[in-house]
1. Tally time: how many residues in segment 131-144 are assigned to a helix (DSSP H, G or I) and in contact (Cβ under 8 Å) with a residue 60 or more places away in the chain?
2. From 147, 122, 101, which residue is touching a residue at least 12 places away in the same chain (Cβ under 8 Å), closer than 25 Å to residue 28 by Cα and surrounded by fewer than 17 Cβ atoms within 10 Å (Cβ to Cβ)?
3. Among the residues of segment 164-175, is there at least one that is in contact with a helix residue (DSSP H, G or I) (Cβ under 9 Å, 6 or more places away or on another chain), in a helix (DSSP H, G or I) and over 30 Å from residue 69 (Cα atoms)?
4. So is residue 107 part of a loop (DSSP other than H, G, I, E, B) and out of contact with any strand residue (DSSP E or B) (no Cβ under 7 Å at 6 or more places or on another chain) or not?
5. So which residues in segment 75-104 are at pLDDT 90 or above and outside any helix (DSSP H, G or I)?
6. Can you name every residue in segment 46-66 that is in contact (Cβ under 8 Å) with a residue 60 or more places away in the chain, in a helix (DSSP H, G or I) and surrounded by 17 or more Cβ atoms within 10 Å (Cβ to Cβ)?
7. Give 128, 184 a once-over and let me know the one that is surrounded by 19 or more Cβ atoms within 10 Å (Cβ to Cβ) and assigned to a helix (DSSP H, G or I).
8. Considering only residues of segment 187-215 that are in a loop (DSSP other than H, G, I, E, B) and in contact with a helix residue (DSSP H, G or I) (Cβ under 8 Å, 6 or more places away or on another chain), which is modelled with the highest pLDDT?
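The values are calculated or read from the model by the stated rules, or taken from the named source; none is laboratory data. It should be emphasised that the depicted structure is a prediction, and the values quoted were computed from it without experimental measurement. Neighbour counts are summed over all protein chains in view; Cβ atoms, including those assigned to glycine, are modelled from backbone coordinates with ideal geometry.
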């Protein structure tokens, strides 16, 4: 099915040239920055965003802390599952990289000898972005924005067609949403067990956070409220 590579004029190739053409007009320092951002920078930013979301959920606490952390755990796991699902897809489609069929592209990074459809980077970042959205909408919107920027960078660098990126977005989103009910059913009890642990419970909920204040500490004396002391008198 290598025919997906595209020959002649079509919207996929036209958009590829439009976006990659920006790299030809940009200064070299900007292209080097886009190369780093598109290959590693945005992936690192997504990981940091997941950690930041975990820290926020952990400090806030609440009754849904365990389910929120379980959803956060699912985000990187879903990304890994989506990349594994992509292995047979790439082998079946066998779409060459765009610079194989279009030698006049400005390719910012070399060494890409594997197939092009679908983009692993787009799949990873969108899976984590949608997974974050399941856990926390505010962080999830930022994550989806990072994924969209990652897709743009892959086309800008000349290593993927736009449809490679769109396919990655679809694959990452599908894996997260379709497997989310099963994943949450399996992960939530595990996270709740961790939350009850004296040693590692801090991973789920910070001490003194909302929802953790109602726990009774053995041997601790609780001072009565003023109204209760008056009634007792």
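1. 7
2. After ruling out the rest, the residue left standing is 101.
3. Within segment 164-175, one or more residues are in contact with a helix residue (DSSP H, G or I) (Cβ under 9 Å, 6 or more places away or on another chain), in a helix (DSSP H, G or I) and over 30 Å from residue 69 (Cα atoms).
4. On the way: part of a loop (DSSP other than H, G, I, E, B): yes; out of contact with any strand residue (DSSP E or B) (no Cβ under 7 Å at 6 or more places or on another chain): yes.
Yes: the conditions hold for residue 107.
5. Matches in segment 75-104: 95, 96, 97.
6. 46, 49, 50, 53, 57, 58, 65, 66
7. When all the criteria are applied, what remains is 128.
8. 204
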